[in-house]
1. Out of Phe99, Phe145, Phe129, I need the residue that is within 23 Å of the chain's Cα centre (by Cα), under 30 Å from Leu173 (Cα atoms), of a type in the set (Phe, Trp, Tyr) and open to solvent by less than 30 Å² (accessible area, probe 1.4 Å). Which one?
2. Checking the structure you have, find out if any residue of segment 62-78 is among the charged types (D, E, K, R), open to solvent by 80 Å² or more (accessible area, probe 1.4 Å), under 19 Å from the mean Cα position of the chain (by Cα) and under 18 Å from His27 (Cβ atoms).
3. Tally time: how many residues in segment 43-59 are assigned to a strand (DSSP E or B) and either in contact with a strand residue (DSSP E or B) (Cβ under 7 Å, 6 or more places away or on another chain) or among the polar types (S, T, N, Q) (or both)?
Amino acid sequence: MNKPQNFFIAQVGKTHGLQGDLKLHIHTDFPEQFKVGYIFKTSSGSLEILRINLDRGIVAFKGYEGIDYAKKLTNTKIYATLEETKERCELKDGEHFWFDIEGCKISEDGKILGEISEMQRLADVNYMFIKTDKKLIDAGFATTFLIPYIDRYLVKTDVEAKTIFTKDAIEILEAS
């Protein structure tokens with residue numbers, strides 16, 4: 001049986017006020033998964049959200065009311081499992097989770113350019129980090145390259161077939 005995969009989604013910062021509120025530094029595109037009563041696995045054990053104010057980036061956890069208790073949680077990392085992420089996060093049409101995209105093949109004009117080894121965000125743009133197909137490496141191309149995950153290069157994303165169809169990505173590989 002597969003061990004559940006945990007995704008780093010937030011980190012707790014300094015205390016804020018005297019009631020046990022803490023700064024919450026969110027590292028996910030889905031802040032809606034932080035709701036009162038939700039329990040998360042963390043580097044400090046399981047924590048249940050008592051209060052949350054996403055606009056101000058403030059959170060309080062059950063059992064840590066008061067500044068002295070809350071201080072113990074500073075720098076705590078918060079994680080969500082794959083199942084929790086899929087259950088609590090709502091995707092719009094055309095949106096995909098990174099974990100669904102990673103491992104997909106990149107196909108352009110019927111030719112496999114490579115496979116996505118990971119997704120990365122640089123500045124405000126998401127990039128597919130591509131491990132180039134062996135045939136293309138043998139032909140003298142770079143072993144890895146980046147494709148921006150934007151409409152300019154995307155034709156279709158088929159997560160069921162684990163394939164992303166691109167246009168003009170070969171030009172990026174040729175220039176790499």
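The values are calculated or read from the model by the stated rules, or taken from the named source; none is laboratory data. Computed from a predicted model, the values in this text were never measured in an experiment. Ideal geometry is used to build each Cβ from the backbone, glycine not excepted, and the neighbour counts take in all protein chains shown. Remember, those area values only see protein heavy atoms, side chains included, never the ligands or the DNA or RNA. Shrake-Rupley method; radii C 1.70, N 1.55, O 1.52, S 1.80 Å.
1. Phe145
2. No: zero hits.
3. Total satisfying the criteria: 11.
Residue by residue, here is whether (1) touching a Lys or Arg at 6+ places or on another chain (Cβ under 6 Å); (2) part of a helix (DSSP H, G or I); (3) in contact (Cβ under 8 Å) with a residue 12 or more places away in the chain; (4) among the aliphatic types (A, V, I, L, M) holds:
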position: Ala80; (1), (2), (3), (4): no, no, yes, yes
position: Glu83; (1), (2), (3), (4): no, yes, yes, no
position: Glu87; (1), (2), (3), (4): no, yes, no, no
position: Glu90; (1), (2), (3), (4): no, no, yes, no
position: Phe99; (1), (2), (3), (4): no, yes, yes, no
position: Ser107; (1), (2), (3), (4): no, no, yes, no
position: Ile112; (1), (2), (3), (4): yes, no, yes, yes
position: Ser117; (1), (2), (3), (4): yes, no, yes, no
position: Arg121; (1), (2), (3), (4): no, no, no, no
